[in-house]
Amino acid sequence: MTVKLKVLEFANKVSRKKMGSKAGIQPTDPEYKILEPVVTEEMAEVALCLKMRQPQSAEEISALCGKPLERTAQLLWELSMAGVCFVNKINGVDKYWHDTWVPGIMEMMSNNKENVKKYPQIAESFEAYGRVRGPMTAGNFPVGVGLMRVIPIESAIDGNSRKASYEEVSKYLNDNSIFSVSDCSCRTVRETMGEGCGHLKEDMCIQMGHAAEYYIRTGRGREITRDEAFEIIQRAEENGLVHQIPNIDGSGKTHAICNCCGCSCLSLRTAEMFINTDMVRSNYVAHVDKDKCVACGECVEGCHVNALQLGQKICGKTPIVIPQRETPRDNDWGPENWNSDYRYNRRDVLDSGTSPCKSNCPAHIGIQGYIKLASQGRYSDALELIKHENPFPAVCGRICPRNCESECTRGDIDAPVAIDEIKKFIAEQDLKTDRRYLPKIKHAYGKKIAVVGAGPAGLSCAYYLAIDGYKVTVFEKQKAPGGMLTLGIPSFRLEKDVVNAEIDILKELGVEFKLGVEVGKDLSLNDLRAQAYEAFYLAIGAQASRKLGVEGEEAEGVYAGVDFVRRINLGEAVELKGKVLVIGGGNVAIDVARSATRVGAGQVDLFCLESRKQMPALEEEIEEALGEGISINDAWGPKRFISQNGRVTAVEFKKCISAFDEKGRFNPTYDENNTLTVEADFVLVAIGQAIDWGGLLEGSKVALNPNKTIQVDGLTYQSAQPDVFAGGDVYSGPKFAIDAIAAGKQAAISIHRFVHPGQSLTIGRSKREYRSLDKNDLDLEGYDRQPRQKAAKLETVKIGFHDPRQTFSEDQVRKETERCLGCGATVVDEALCVGCGVCTTRCKFDAISLVRVYDGAGAAYEDLKPIVVKQMLKRKIKITAKKISRPLTSILKK
């Protein structure tokens, strides 16, 4: 392609380079390439007569370029529309000037939506500019004078006696009288390149003064009032975004406020990729008060530059040493020092680990946090914190497997903290109130999403999509929502009014339920696509029963345990009598056995392959069954069913030598000669569940595994059919509700990204890789021995379907929360922190604050050169001194 020489000359002019020199701008450089698609040679001839940040009229420029005034004015307008120069009416006359590349020309060019769509090269060049030129700034700009600058969230520095007015967003809004709002240019660029991060671009950046006039006149932005500008700032803060300003207008002056995210912002990239934080940071650094911090993780997830990670607070025998990060301030700095993959390698936890409870919860709920809030009587705040990761705390407080308690550090002293009972109490307070907690809907996207299956995975996904502002419809083939929560778990473990109360919140959020509708039978995914549904989350669960595959299984009186419990929960008349055998060793088998005792069974015997210690059922559930007179016969597997006149009369069992092989895989071996025949009037088989897809996947590209679980990406939950996502038991196989709930939220994040153009499903996303601290290295001597609180039970004469388990009293909650050891806390990497204050807005404990560490006041672009030169000399001296001191130090040590 022929090089446009005048365009190249203009690129060199803006860059203050000599055209044709070795250091000059070349045709392959982003400065030329961003102009090339839209700037003609004739336009460039006029542009060469523009001055940097000095307004001139068309008449003045016409005289300089030798073109007729009318033609000059036309070309100047075309340059303005392209984004190459500003235009403002000054004293009634249009005046034109060009600015720097960034902040300036590149943002303005990227905000011409039509051009960017037609010429993606514009977006690619803007992205490339900082990546190519950024390394040259590393360590060479003192704090406060970078081209862009983070401005702290104002509430984070309120009351700080050392704060300056130029550090307050409100100052800039109050100092101006004309405002506009536009799409974020950085996110426009990322979206165009297919690298969006889910933080959307619309109505994000505010222009003021001359920039607002320009944006309004050229159609890049729409005019807004000062009040509307404050509302945008508030919305940005509610969505956890970072305020930044162009920092080249002089101290206390700017022409724009950007609301940025670390995963797309081309300015914050300087701090994240090149570890050149001084180029963009505010004067503040986050500080954590470890005594107040409870490692809830809210600040960590909110930090855009990954400067916060969860670590350990509880004392260990071995001191935890966190290596001090090197920076370009006093080091030579090259690619080996960069974090080029910063948008993919985000980490939430230090290598030394953090609280075992949060780490081992499948949803990684801020357990330590809600325990502390409950101890303070702040039950609504505690519920809100839980619901950030789990919409159904009242349900999970009754049926959770309690991985958190199994790993609780307190258990190494006496007994684990009764985490689930505390959660159940918190949720119960909400259920009792007239005005329940309802999360605020963040956006109003209006796009239609279909969720197939109203179990915990589907409901979780629907909940988080509804909060994000989507129109969600849940299709459920049964007549009641809830999936296994409603139909697969007996009421004596989970009352159905509790499930319905949690589902009511989804309805208040606008989620629509279509019950008795089976997708794949009554209508297809293609039918839903024709109804403008843009994405699908398949969460039909594993509700079909598995067959044993042994002789006589089809005899009358042999029933699937899952179907048996479902019929009871649907209110059907179910009655058993005589001797009932239950086959299976998991929680479902225990539920089936206990249900059988409640519908007339005279005697219930449970047989399972596993040994007593290997039984997958929770110990608490096993104890409950034994307490109700159910006998448990371990290490026996069914050999055949014996029947008479087609009806089961007995089961012959064979002794199971081992249910698992040496690698821990389920692979039972038997002693075929050691058998046992047991009479039975009914047999209920509960050996696991299977997945029945029906016609749901017909005509799709979705792939299944041999066990009929769906193949999806483990992070995004996207299937081979791009608009189809899936999670819960259909992906993992039968697991617990909390696992399905966690999957539902992650799928909601992916679906949000998928339905918007240009968004990556993975960029900037936490992989949720948590690790526990080393409990073997803890010093647990000296802790008190407070007994674990136990919830009361209703004394009943007759065993029934009502849940007899009571909730903790408020006094019990107070006592139990005192037992928490507070294992974890957030750790700040001050070298990465940009001082934005987002973390402070996420903390409910006043545990994190901004501390003023620097005094950088900013400088006008025209005054930057001597400041930067001075900094470069100081840096060179520091690097040289450091190189000299290293061998001296080594010699002295020897």
Subset tally (residues that are part of a helix (DSSP H, G or I), over 18 Å from the mean Cα position of the chain (by Cα) and of a type in the set (D, E, K, R)) for the range 361-384: 2
Scan of the range 569-584 for residues that are open to solvent by less than 30 Å² (accessible area, probe 1.4 Å) and on the phi > 0 side of the Ramachandran plot, ordered by number: 584
Hits in the range 404-413 (condition: free of Cβ contacts under 8 Å to residues at least 60 places away in the same chain, out of contact with any Pro (no Cβ under 6 Å at 6 or more places or on another chain) and open to solvent by less than 50 Å² (accessible area, probe 1.4 Å)): 404, 411
Condition check for residue 437: out of contact with any strand residue (DSSP E or B) (no Cβ under 6 Å at 6 or more places or on another chain) and open to solvent by 40 Å² or more (accessible area, probe 1.4 Å): yes
Residues satisfying the stated conditions in the range 61-74, i.e. part of a helix (DSSP H, G or I) and either in contact with a strand residue (DSSP E or B) (Cβ under 9 Å, 6 or more places away or on another chain) or open to solvent by less than 70 Å² (accessible area, probe 1.4 Å) (or both): 61, 62, 64, 65, 72, 73
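Results for (1) surrounded by fewer than 17 Cβ atoms within 10 Å (Cβ to Cβ); (2) touching a strand residue (DSSP E or B) at 6+ places or on another chain (Cβ under 9 Å); (3) closer than 19 Å to residue 160 by Cα, shown as yes or no for each residue.
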position: 827; (1), (2), (3): no, yes, no
position: 838; (1), (2), (3): no, yes, yes
position: 841; (1), (2), (3): no, no, yes
position: 846; (1), (2), (3): yes, no, yes
position: 849; (1), (2), (3): no, yes, yes
position: 852; (1), (2), (3): no, yes, yes
position: 859; (1), (2), (3): no, no, no
position: 863; (1), (2), (3): yes, no, no
position: 866; (1), (2), (3): yes, no, no
Tally of residues being assigned to a loop (DSSP other than H, G, I, E, B) and either open to solvent by less than 30 Å² (accessible area, probe 1.4 Å) or at pLDDT 95 or above (or both) across the range 515-548: 13
Residue in the range 711-724 that is more than 17 Å from residue 461 (Cα to Cα), modelled with pLDDT under 95 and open to solvent by 30 Å² or more (accessible area, probe 1.4 Å) present: no
Selection count, the range 554-565, where residues are assigned to a loop (DSSP other than H, G, I, E, B) and open to solvent by 20 Å² or more (accessible area, probe 1.4 Å): 1
Filtered residues of the range 212-245 (kept if under 23 Å from residue 119 (Cβ atoms) and among the small types (Gly, Ala, Ser)): 219, 221
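Would you be able to say whether some residue in the range 97-118 is in a strand (DSSP E or B), modelled with pLDDT of 95 or more, of a type outside the set (Asp, Glu) and farther than 28 Å from residue 277 by Cβ?
yes
Kindly indicate whether residue 389 is open to solvent by less than 40 Å² (accessible area, probe 1.4 Å), at pLDDT 95 or above and of a type in the set (Asp, Glu). Break it down into steps so the answer makes sense when it comes.
Values: open to solvent by less than 40 Å² (accessible area, probe 1.4 Å): yes; at pLDDT 95 or above: yes; of a type in the set (Asp, Glu): yes.
Yes: the conditions hold for residue 389.
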Matching residues, the range 487-510, being open to solvent by less than 10 Å² (accessible area, probe 1.4 Å), assigned to a helix (DSSP H, G or I) and of a type outside the set (A, V, I, L, M, F, W, C): 502
Criterion violated by residue 617 - all others in (1) of a type in the set (Gly, Ala, Ser); (2) modelled with pLDDT of 95 or more; (3) farther than 13 Å from residue 683 by Cα satisfied: (2)
Residues within the range 566-588 that are part of a loop (DSSP other than H, G, I, E, B), within 19 Å of residue 499 (Cβ to Cβ) and either without any contact (Cβ under 8 Å) to a residue 40 or more places away in the chain or touching an Asp or Glu at 6+ places or on another chain (Cβ under 7 Å) (or both), tallied: 2
Test: residue in the range 78-95 that is in a strand (DSSP E or B) and among the acidic types (Asp, Glu): yes
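Only strands (runs of 3 or more DSSP E) wholly contained in the range 638-757 count here; list those with 1 or more residues that are among the small types (Gly, Ala, Ser).
By residue number, 647-660, 724-726.
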Selection status of residue 859, modelled with pLDDT under 95, among the small types (Gly, Ala, Ser) and closer than 19 Å to residue 146 by Cα: yes
Cβ-Cβ under 6 Å pairs, at least 6 apart or on other chains, the range 334-357 side in contact (Cβ under 8 Å) with a residue 12 or more places away in the chain and closer than 22 Å to residue 369 by Cβ, far side open to solvent by 10 Å² or more (accessible area, probe 1.4 Å) and charged (D, E, K, R): 349/771; 353/771; 356/407
Matching residues in the range 295-312 - criterion: being part of a loop (DSSP other than H, G, I, E, B) and open to solvent by less than 10 Å² (accessible area, probe 1.4 Å): 295, 297, 307
Subset of the range 420-434 that is in contact (Cβ under 8 Å) with a residue 40 or more places away in the chain and within 26 Å of residue 407 (Cβ to Cβ) - its residue that is surrounded by the fewest Cβ atoms within 10 Å (Cβ to Cβ): 428
Meets criteria (at pLDDT 95 or above and either at positive phi or open to solvent by 80 Å² or more (accessible area, probe 1.4 Å) (or both)) for residue 822: yes
Single residue of 416, 401 found to be at pLDDT below 95, within 16 Å of residue 367 (Cβ to Cβ) and surrounded by fewer than 23 Cβ atoms within 10 Å (Cβ to Cβ): 401
Members of the range 347-358 that are buried (at least 23 other Cβ atoms within 10 Å of the Cβ) and within 18 Å of the chain's Cα centre (by Cα): 349, 358
Cβ pairs under 7 Å, 6+ apart, first in the range 22-49 and free of Cβ contacts under 8 Å to residues at least 40 places away in the same chain and under 27 Å from residue 73 (Cα atoms), second open to solvent by less than 40 Å² (accessible area, probe 1.4 Å) and of a type in the set (Val, Ile, Thr): 32/7; 32/25; 41/7; 46/61; 46/72; 49/61
Subset of the range 589-628 [open to solvent by less than 60 Å² (accessible area, probe 1.4 Å), free of Cβ contacts under 8 Å to residues at least 60 places away in the same chain and assigned to a loop (DSSP other than H, G, I, E, B)]: 599, 600, 609, 610, 611, 615, 617
Entirely in the range 1-58, the helices (runs of 4 or more DSSP H) that have 1 or more residues that are touching a His at 6+ places or on another chain (Cβ under 9 Å) and closer than 19 Å to residue 214 by Cβ: 5-15, 41-47
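The values are calculated or read from the model by the stated rules, or taken from the named source; none is laboratory data. Note that this is a predicted model, so its numbers are computed, not measured. Quick reminder, even Gly has a Cβ in these numbers, built from the backbone with ideal geometry, and neighbours come from all protein chains shown. Note: areas computed on protein heavy atoms with side chains; ligands, DNA, RNA excluded. Shrake-Rupley method; radii C 1.70, N 1.55, O 1.52, S 1.80 Å.
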